[in-house]
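Taken together, the values in this text are just the output of simple stated rules run on the coordinates, not laboratory data. Because the structure is a prediction, the values reported are computed rather than measured. Note that we place each Cβ from the backbone using ideal geometry, even for glycine, and neighbour counts take in every protein chain shown.
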Amino acid sequence: MSNIVLQVEDLHTSFFTRAGEVKAVDGVSFYVREGETFGIVGESGCGKSVTGLSILRLLPEPAGQVVGGKIIMEGKSLLELNPKQMRAYRGKMISMILQDPMSSLNPVYTIGDQIGESVRLHQDLPENMVEAEVIDALRLLRIPSPEMRAREYPFQLSGGMRQRAVGAIAMSCRPRLLIADEPTTALDATIQAQYIALFEDIQEKTNVAIIFITHDFGVVARICDRVGVMYAGKIVETASTRDIFKNPKHPYTKALIQSVPQLDKKDERLFSIEGQPPSLLRLPKGCRFYPRCTVSMDICKEQEPPEVKIGENRSVSCWRVK
Amino acid sequence: MLNTITTTAKTKKKKQYRGISRATRVMRNLALWIPTVVMAFMIVLAIFSPWIAPHDPTVGKITDRYLPPAFMEGGKTDYLLGTDQLGRDILSRLIYGARISLSVSLLAIAITASIGTVLGIIAGYGGGRTDAIVMRVVDVALSFPGLLLAMLLAVAIGPGFWTVVFALSLLGWAGYARMIRGEAMRLSQSDFVAQARVNGASGWRIMTRHIFPNIINSLIVLMTLQVGMMILAEAALSYLGIGISVPTPSWGSMVSDGRANLDNAWWISAFPGAAIGLVVLSGNFLGDWIRDKLDPRLRQL
Amino acid sequence: MARFIVIRLLQCVVAFFGILLITFFLLRASGDPSTLLASPNFSLEQVQALKAELGLDKSWGEQLGIYLNSIVHGDFGESLLKKKAVGIMIGDALPNTLKLMVPSFVLAMILSFILGVLAATYRDSWWDNLVKFIAVLGQALPGFWVAIMAVLIFSVKLEWLPVAGMDTPAHYILPMGTLVFFTLPGMMRLVRSTMLDVLDSEYIKMARIKGLPERTVIWKHALRNALISPLTIIGMLLPGTVLGAVITEQIFNWPGMGRLLVEATFARDFPVVQAVTIITAILVLGINLLVDISYAWVDPQIRYQRT
């Protein structure tokens, strides 16, 4: 098996607000291997984006703080790096693609400038080589006529092209890890499919490890190798994509999968989950999914379920699973 | 900013945040109540000045010239804030000055708001060429120093109460027109306007019944935010001498009276200026508060 | 870009003629200017002579033609008060005003950008609170009063700085300070709030994700964007600056356009007031044009606009 690029262990991230401590990420563990795509799925506000930002240590400080756990990248603990060392990791070793392609590009600089900036920062190259690298990055994202595009401003590109340009910035230094935070949400369905195919292509060429954050199990099925289902700051189930679709164990995972429209089961009604996720400010004592669970038991209300390992690559936190 | 994470930082942060929250809550209450009291006080002074003022604001006693405030050596308790170069009571002049300040600025706001709203709605709803013409005029009006027009007016029709009101109105309408036009434009693309059109409503009806009621909040916010600006502008014109003519007391001209007597009677300038500052500060705080309540989108103003 | 500038230039010309017309009609609409200009003890013949001299016996159309023609040739007539050519009076006063205004305005802009950006960057720090405090106070206190209080403290009580005049560099300190006070608070507040919006944006996150040092993120990525909206309002700041300049010159007895204007207003010296208005209008419109061009330079979206 290929190397583990990133390992997150028992990560806790909190936001300290006027109302109190919001435990956005509350004990999350996962890893991702070279050339592998790990999906983090969950409803909005479950802490998936905060997990991504915690890895890059780009939380909105001082309110957001990593308060516990470990983030290990190829043997180095990221949380122990000083700010300067951490900056050297960003862009070069770990990169990220944000949700909104329209606003992720700086409107006053050309695409080429914005890609070149990363290249100059992280690679000690003569100026004429920088341009070649920029064109290369644009090619990697399959942007047509890259020489011309490099000289254009963001407002001159279409939405899909902008998203690719953001990808080109992220991939310009060939990072080892790419975090993609709902990169397809703002795109049309057809462009979305193209973009996902593009990810697979990039991964094949560069062997980059990808953490793919999404709320859409349909997208997970297309691109992820393994997946972690996140609920209210915790990963409640981790498994390979195949296993999770074939045999979801956690009631929340089951509900999520049932709420994905499937073309082959026409007359089945779509399932929706009743209720709201709990406030991260005041988490319930027992299982955090208990209030919305259809198969809850007495113990669920009183005690948090432990993480149960099933085989090599699978774990679930539910009292129903033994 | 980035920093390394330690567990001790956690508890410290928590305490700090709670402390801030209590302090800010108290501050917020004060920031609402102090300005409200100041403004209410000012309005009472303006309305009842003849009954409140201890002396006649326009007639002074030649023997009581340049008297310092009562709390200073040589001051008389009869003249709490001292007297000016003609022996007039500064406190009484301040009280009467509130009248001028308030009436001029309120009148000017009423006029500018009306003109600006009408033109703004017509431009925003009308669109096309109407919009282009109105907006060009607005651009010019916004970039042109209204002071010069005020000066021209002062030469042409002479200084006085209405000259100031008229000059301030010329200064202010363009800001309203621009703002209201934006709102009207947004609203005229909304579904309920489309619906009204489908139902055969006339342009007039749409502008008055559908667009105007939806603009009122923004309008109120703009008007309250302008109180301070107008009071400052009135004071500046009066300071320059093209405002209310002597001997009627106006805060701006009172500051100007003291300019020549700075070395022996600083209080002639100091108190009216402080009064302007206090009232404008209160007006601005109230305006901010009303904006946050009614229309937080206008935060940039 | 060229097209953009041409359109703006045309707009300026139209606006300029609008202002010319306003000055022209304001004078005539307020009654017969000769009654305004003549002293009360003039005889009927003298009034008639004055009318003829001013061309007031001709039709309005002809008068307008004569007026426009003389202005195009730089002839602003003669001051009624000083019996001097208005052009010469302005030629003396204008440089003095510019000597004071230009450095003050530049200083105010530089300061408001530095202070505003720092306040936004260190949001809610003691520094930010100080900036907010200055901004709130600065927008509430009347500038002329602050200037007079400064004279009281620094000139009268402490005797550090001269009271009025423009002979030495020390004479510049208080007037410049006053002018800066007129523009700084509003501008600083705007820079701060735009900068906060920009710092909140996704492209700033993206710049950090690239691993750029905070310095580059703020002063390269954020500032360039935060420049755009404050630049657009520089044009709108000018009226306040003109008011500030007039008041400052009045307070510090500075022999510039502002003092000339105020004196002429009191003497009802119409040709001077009119000339000052027109010259100021040209300057203001010219600066607005420059602002538009620099705005286009900062914002590529405008630079590439075809319309």
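Ranking A:Ser158, A:Ile135, A:Met171 by how far each Cα lies toward the positive end of the dipole of the stretch A:105-174 (charges on Cβ) leaves A:Ser158 at the top.
The alpha carbon convex hull volume per residue for the stretch A:105-174 rounds to 72 Å³. Only Cα sites of chain A enter the Debye sum here, all with the same form factor; the resulting log10 I(q)/I(0) across q = 0.11 1/Å is -0.72, listed in q order. Two tests apply to each whole DSSP H helix in chain B, Cα reach of 27 Å or more along its axis and mean Kyte-Doolittle hydropathy of at least 0.0, and the ones passing both are B:7-47, B:90-126, B:161-188, B:212-240, B:267-294.
Between A:Ala186, A:Ala137, A:Ala168, the GNM of chain A built on Cα springs shorter than 10 angstrom shows A:Ala186 fluctuating the most. Exposure proxy for C:Lys210, A:Lys309, C:Lys132: other Cβ atoms within 10 Å of each Cβ, ordered fewest to most, give A:Lys309, C:Lys132, C:Lys210. Here the residues B:Thr58, C:Thr97, B:Thr112, ranked from fewest to most Cβ neighbours within 10 Å of their Cβ, fall in the order B:Thr58, B:Thr112, C:Thr97. Normalised by 2.2 N^0.38 Å, where N is the number of residues, the C-alpha radius of gyration of the stretch C:88-299 stands at 1.16. Quick one: net charge of C:Lys84's neighbours, Cβ under 10 Å, K/R +1, D/E -1? So the surrounding residues net to 0.
Only the Cβ atoms of Lys and Arg (+1) and of Asp and Glu (-1) were treated as charged; on that basis the dipole of the stretch A:105-174 about its Cα centre amounts to roughly 380 debye.
For A:Thr17, the amide hydrogen comes within under 5 Å of the amide hydrogens of A:Val22, counting only partners 5 or more places away or on other chains and with H modelled in the peptide plane.
Of all DSSP-defined beta bridges confined to the protein assembly as shown, some 65% are antiparallel rather than parallel. If you take the Cα centroid of the stretch B:118-150 and the Cα centroid of the stretch B:199-268, the two points sit 20 Å apart. Taking a ≥ b ≥ c as the square roots of the Cα gyration tensor eigenvalues, the protein assembly as shown comes out prolate, since a/c reaches at least 1.5 and a/b is larger than b/c.
So what's the angle, to the nearest 10 degrees on a 0 to 90 scale, between helix C:270-298 and the longest Cα principal axis of chain C? Long axis of C:270-298 versus the principal axis of chain C: about 30 degrees. Summary of the geometry: the stretch C:262-288 and the stretch C:191-259, compared by the centres of their Cα atoms, lie 28 Å apart. The stretch B:41-294 has equivalent-ellipsoid semi-axes of 44, 19, 13 Å, by the square roots of 5 times the alpha carbon gyration tensor eigenvalues, sorted largest first.
Exposure proxy for C:His221, B:His210: other Cβ atoms within 10 Å of each Cβ, ordered fewest to most, give B:His210, C:His221. When the Gaussian network model of chain B links Cα atoms closer than 10 Å, the mean-square fluctuations of B:Ile52, B:Ile109, B:Ile242 top out at B:Ile52.
Expressed as an acute angle from 0 to 90° and rounded to the nearest 10, what is the orientation of the C-alpha long axis of helix C:2-29 relative to the principal long axis of chain C? Between helix and principal axis, roughly 40 degrees. Averaged over residues, the count of other Cβ atoms within 10 Å places the peptides C:78-91, B:169-182, A:208-221 in the sequence B:169-182, A:208-221, C:78-91, highest first.
Residues considered: C:Thr178, C:Thr232, C:Thr194. Largest GNM mean-square fluctuation over chain C, using C-alpha springs under 10 Å, is found at C:Thr232.
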